[in-house]
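Q: One structure is given below, represented as C-alpha cells, and several questions about it will come after.
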Amino acid sequence: MKSLRGNSITSYVVEHLDPELGPWSTLEYRSIAQESAKAGVRFFLSSVPRNISLPPELRDLECLIVEHLSVEELFQDEKGRVCLLDPAAAVELSPEDGTKFDVFLFGGILGDDPPRDRTSELRKKGFSGRRLGPIQMTTDTAVRVTRTVVQQKVPLKDIPYIDYPELKIDKHESTEMPFRYIKSADGSPCMPEGMVDLIKADSEKGFGDLL
Ligand SMILES: C[S@@+](CC[C@H](N)C(=O)[O-])C[C@H]1O[C@@H](n2cnc3c(N)ncnc32)[C@H](O)[C@@H]1O
C-alpha cells in the first residue's frame, strides 16, 4: 500500500465505479487530465480494474496517473484531508475548502436520470462531503467547478452555469442533457472535446442505454 503524504500538490481523484470504461468516460477523463495538467494539479484515476485495457486516448496521456488501488489505499494516512464531492452532502463547497483539503474525490460514474445516488458507495467510506449545488453535473464538470472554487477562489454561486442544455442533433431534432454545465464565453455548455459529436451519434440509439 502506498502513502502519498508529504506531496503538497492538490490531487483530484476520480474513483472509477463503472464496470466498463466506454467512450463517454474516456472523453470526460481525458479532458480532466488535460485541464489538471494546465492547472498544475495531479489527476488520479483510481480503482481501474486490471482487466480493463485503457483506450489509446487515455494510454498516451502523461498527465494521467492510472491506479488499480482504491482511493482509500492510495490516501490511507490522509483520510481527513480527502473531500468527497457528494450531491447529497449537507455543506456546499467553498473557497476555504482549498486549505482544509488536499485531495478532492469524485465518483467515476456516468450520470443517470433520475440520479441513483451511486456516490453513496464512496460516502459510506466516511470521507468529509461537500455539495456543488442541487443539480447533477457530469464528472468532468464537477471537477472543473471544484477547481474553480478551490484553486481560483470563485464562490459556487458566482460561476456561470447552463442547466439542462438542448443540443441540436439535426434540423428537426434536439436532445436535452439532464445535467448542469459551466457556461463558456460563447454561451455554450463547456464539454470535453468530441463530446457533442458523440452525443449526436449516440442520441440515435436512445440515451436509456447510455446514462
Ligand atoms: C455524474 S455524477 C454521478 C451522480 C450520480 N447520479 C450518482 O449516482 O451519485 C459523478 C460525480 O460527480 C460529482 N457530482 C456531480 N454533481 C454533483 C453535485 N451537484 N454536488 C457534488 N458532487 C457532484 C460526484 O462526485 C459524483 O459522484
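Q: What fraction of the DSSP beta bridges in the chain is antiparallel, stated in percent and rounded to the nearest 5? Intermediate values should be presented prior to the final figure.
A: Numbers: 8 of 30 bridges.
Bridges in the chain are about 25 percent antiparallel.
Q: For K79 and R116, calculate 0.36 nm times their separation in residues minus their Cα-Cα distance, and state this gained length in nm to one decimal.
A: Taking K79 through R116 to full extension adds about 10.8 nm, to one decimal.
Q: Leaving out same-chain residues fewer than 8 places away, which lysines sit with a Cα under 28 Å from that of K183?
A: Cross-link targets: K38, K100, K153, K157, K168, K171, K200, K205.
Q: With only Lys, Arg, Asp and Glu charged, each at its Cβ (+1 for the first two, -1 for the last two), find how big the charge dipole of the range 11-153 is about the Cα centre; round to the nearest 20 debye.
A: Value, rounded to 20: 320 debye.
Q: In the chain, how does Rg compare with the Kirkwood Rh, expressed as the Rg/Rh ratio over alpha carbon atoms?
A: Result: Rg/Rh = 0.94.
Q: List the residues, sorted by chain then number, that are 5 or more residues from L105 or on another chain and whose placed amide H is less than 5 Å from its amide H.
A: Those qualifying (amide H under 5 Å, at least 5 residues apart or on another chain) are V13, C83, L84, L85.
Q: Working out 0.36 nm times the residue gap between Q151 and D202, then minus their Cα-Cα distance, what length gain in nm do you get to one decimal?
A: In short, 14.9 nm is gained.
Q: Over the range 11-153, what is the mean sequence separation of C-alpha contacts under 8 Å (at least six apart), divided by residue count, expressed as relative contact order in percent? Before the final figure, lay out each step's value.
A: On the way: 230 pairs, mean separation 42.8, N = 143.
Over the range 11-153, the number comes to 30 percent.
Q: Could you state how much accessible area T26 has, in square angstrom rounded to the nearest 10, with a 1.4 Å probe and all protein chains kept in place?
A: It works out to around 10 Å².
Q: Here's another thing I want to ask about it. Could you tell me what percent of the accessible area of the range 11-153 is made up of carbon and sulfur, with a 1.4 Å probe and every protein chain present?
A: Result for the range 11-153: 49 percent of the exposed heavy-atom area is carbon or sulfur.
Q: Starting from the Cα of D163, step 7 Å toward the Cβ, then list every residue of the range 112-127 with an amide N under 15 Å from that point.
A: 115
The values are calculated or read from the model by the stated rules, or taken from the named source; none is laboratory data. What you see is a predicted model, and the numbers here were worked out from it, not measured in a lab. Glycine also receives a Cβ, built like all others from the backbone with ideal geometry; neighbour counts cover every protein chain displayed. Please note that ligands, DNA and RNA were not included when accessible areas were found on the heavy atoms of the full protein model with its side chains. Shrake-Rupley method; radii C 1.70, N 1.55, O 1.52, S 1.80 Å.
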